[in-house]
Amino acid sequence: MEDNFVNSVLTLYKEKNWKAIVNTYRDYPERNKLLWVFPTEKNFLFLRQCLVELGCDRILSIGCGSGLLEWMITEATGLLVSGVEVDGAWWRCKYAPPNFIPLLFTAPTLDKDTKSLLRNANSTALLFCYFNNGPAFKDYLEYFSGNVLIIIGPGEGKGVHTDPKPFDQVPEWTLHAREEVGNTKDFIAVYCKNPKS
């Protein structure tokens, strides 16, 4: 069953048919093998509108996993999305899920190249989707030079833990806009960095 699911998604990916992936597999039982959140077409439009309004033309996704979400964002919005992951050995092994975008690998503690990437990210939004490492989240924000942060994850009552959650207080950041992903109790939260006084 799992192989059929992955192979079906890969076929649609090769056809560049992100809409069929979203519409077919949003409620599929094995969906978490490739992606935790399957945004709707409306969600992708919301994300694009927010980022255009805030002057971002690209996204850097931290802990992107297979990159399926990031690929769909690029296809649906036209925004370039790059993905960063740790544990390159896992993501290159035969047991790992397929990669849908090229992955940038970093050490569990930020390496020099990743810090440089974050410091030169002025028109880039930083994305965390179902991220679960609060200390690493703070480290990424410490080096991030951009002004837009996106957190996708569970809202209250979803019964899933992430760190950060979409509506956690993030020092020096203010919630700009939010939207539920379908009726899933997952949310997309877009934050802006507070101006320095």
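Readers should treat all values here as calculations from the given coordinates under stated rules, not as data from a laboratory. Note that the structure is a prediction, hence the values are computed from the model and not measured. Note: ideal-geometry Cβ built from the backbone for every residue, glycine included; neighbour counts use all protein chains shown.
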Exercise. Which of the residues belonging to the range 140-155 are surrounded by fewer than 17 Cβ atoms within 10 Å (Cβ to Cβ) and touching a residue at least 12 places away in the same chain (Cβ under 8 Å)?
Worked result: TYR143, SER145
For this session: Name the residue, out of GLY182, GLY159, that is within 17 Å of the chain's Cα centre (by Cα), part of a loop (DSSP other than H, G, I, E, B) and surrounded by fewer than 20 Cβ atoms within 10 Å (Cβ to Cβ).
Result: GLY182
Exercise. Within the range 37-130, which helices (runs of 4 or more DSSP H) (wholly inside it) include 3 or more residues that are in contact (Cβ under 8 Å) with a residue 60 or more places away in the chain and either surrounded by fewer than 22 Cβ atoms within 10 Å (Cβ to Cβ) or out of contact with any Gly (no Cβ under 6 Å at 6 or more places or on another chain) (or both)?
Worked result: 41-53
Exercise. Does the range 1-36 hold any residues that are assigned to a loop (DSSP other than H, G, I, E, B), more than 26 Å from ALA177 (Cα to Cα) and of a type in the set (D, E, K, R), and which are they?
Worked result: GLU15, LYS16, GLU30
